[in-house]
Amino acid sequence: MARVAIVTGGTRGIGKAISLALKAEGRTVVANYGGNDDAARAFSDEHGIAVYRWDVGDHHACIDGCIRVTEDVGPVDIVVNNAGITRDGTLARMSYDDWHDVMRINLGGCFNMAKACFPGMVERGWGRIVNIGSINGQAGQYGQVNYAAAKSGIHGFTKALAQEGAKKGVTVNAIAPGYIDTDMVAAVPAPVLEKIVAKIPVGRLGQATEIARGVVFLTSDDGGFVTGSTLSINGGQHMY
Ligand code: CAA
């Protein structure tokens, strides 16, 4: 039977590319989304992928959402924690809500989805979790104390949970994208973005499909010996 994969924030941007790539691999893909019904409907109609709306920052919504998915298509074997938001601004301008929303959704979402799906993976002896971190969680970024902290937290979360899953057939890895050609990056003011792109050795923004290829590998049977790792896909912008 085809393995079941949930991609959070899976109807747009990097998440959309991941949903499509996993479907092309023969997975039964379910795309979660947070609020943009029109985009989700259009995505579902075009690609034949079921979409489910819930807020990944809401613990109970994640538990209930994953129960619904299990009832509809079967137990969840693969979770890609991709959903994320930005609320950029220097510390002086950043409100508590800007901080809290980003922590709740970007980092809290990983915890909530793992609580919903990890125990079943352990019980069945196979599972794959991929958390989408960021270059800005590795290196920091001016105007992003909230986002950098949440993404950095994702990298720690990944390494800790990987240790809990290792003997049970469940791998947990992160991908740290650099600047990818998505709506999120397009929202960075043009002069700021130009300076950032000038510092990317490959000389361009990344494509969402380039992140999706990494997810395909990490969620495959071939990826079984890779756990607790972070795959940086950033055009050489940050090397370590
Ligand atoms: N380092 C040091 N100083 C910097 C700086 C930097 N990287 N960037 C800006 N500054 C300085 C400016 O030179 C300016 O100094 P002066 O006032 O002395 O001239 C001062 O900081 C104010 O700069 P801005 O005009 O940019 O400030 P602002 O308040 O208008 O905007 C900001 C602040 C919204 C954070 C804006 O700088 C910005 O959008 N930065 C980009 C943040 C970013 O990269 N976000 C990534 C979004 S995509 C994403 O997150 C996906 C992913 O995973 C990669």
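The values are calculated or read from the model by the stated rules, or taken from the named source; none is laboratory data. The shown structure was predicted, so the numbers you read here are calculated from the model rather than taken from an experiment. Every residue, glycine as well, gets a Cβ built from its backbone with ideal geometry; the counts of neighbours run over all protein chains shown. In case anyone asks, the SASA skips ligands and DNA or RNA and just uses the protein heavy atoms, side chains included. Shrake-Rupley method; radii C 1.70, N 1.55, O 1.52, S 1.80 Å.
Every residue in the stretch 32-89 that is closer than 13 Å to LYS16 by Cβ and out of contact with any Ser or Thr (no Cβ under 8 Å at 6 or more places or on another chain), please.
Listed by number, the residues that qualify are ALA42, GLU46.
Residues of the stretch 153-181 being of a type in the set (Val, Ile, Thr) and either surrounded by fewer than 18 Cβ atoms within 10 Å (Cβ to Cβ) or under 14 Å from VAL130 (Cα atoms) (or both), which ones?
Of the stretch 153-181, the ones of a type in the set (Val, Ile, Thr) are 154, 158, 170-172, 175, 180.
Across the stretch 153-181, the qualifying residues are ILE154, THR158, VAL170, THR171, VAL172, ILE175.
If the Cβ limit is 9 Å and pairs must be 6+ apart or interchain, which residue in the stretch 57-84 that is basic (Lys, Arg) pairs with which residue that is more than 16 Å from the ligand (Cβ to nearest atom) and open to solvent by less than 30 Å² (accessible area, probe 1.4 Å)?
ARG68/TYR52; ARG68/TRP54
For THR171, are the conditions met, namely being within 25 Å of LYS16 (Cα to Cα) and more than 9 Å from the ligand (Cβ to nearest atom)?
Working: within 25 Å of LYS16 (Cα to Cα): yes; more than 9 Å from the ligand (Cβ to nearest atom): yes.
Here the answer is yes, as THR171 does meet what is asked.
From the list TYR240, TYR142, pick out the single residue that is at pLDDT below 95 and either out of contact with any Gly (no Cβ under 9 Å at 6 or more places or on another chain) or crowded, with 18+ Cβ neighbours inside 10 Å (or both).
Numbers: TYR142 fails: at pLDDT below 95.
Going through TYR240, TYR142 in turn, the sole match is TYR240.
Within the stretch 54-61, can one find any residue that is open to solvent by 10 Å² or more (accessible area, probe 1.4 Å) and touching a Pro at 6+ places or on another chain (Cβ under 8 Å)?
There is no residue in the stretch 54-61 that is open to solvent by 10 Å² or more (accessible area, probe 1.4 Å) and touching a Pro at 6+ places or on another chain (Cβ under 8 Å).
Could you run through the stretch 10-50 and say how many residues are open to solvent by 10 Å² or more (accessible area, probe 1.4 Å), within 20 Å of PHE217 (Cβ to Cβ) and outside any helix (DSSP H, G or I)?
Residues meeting the conditions: 5.
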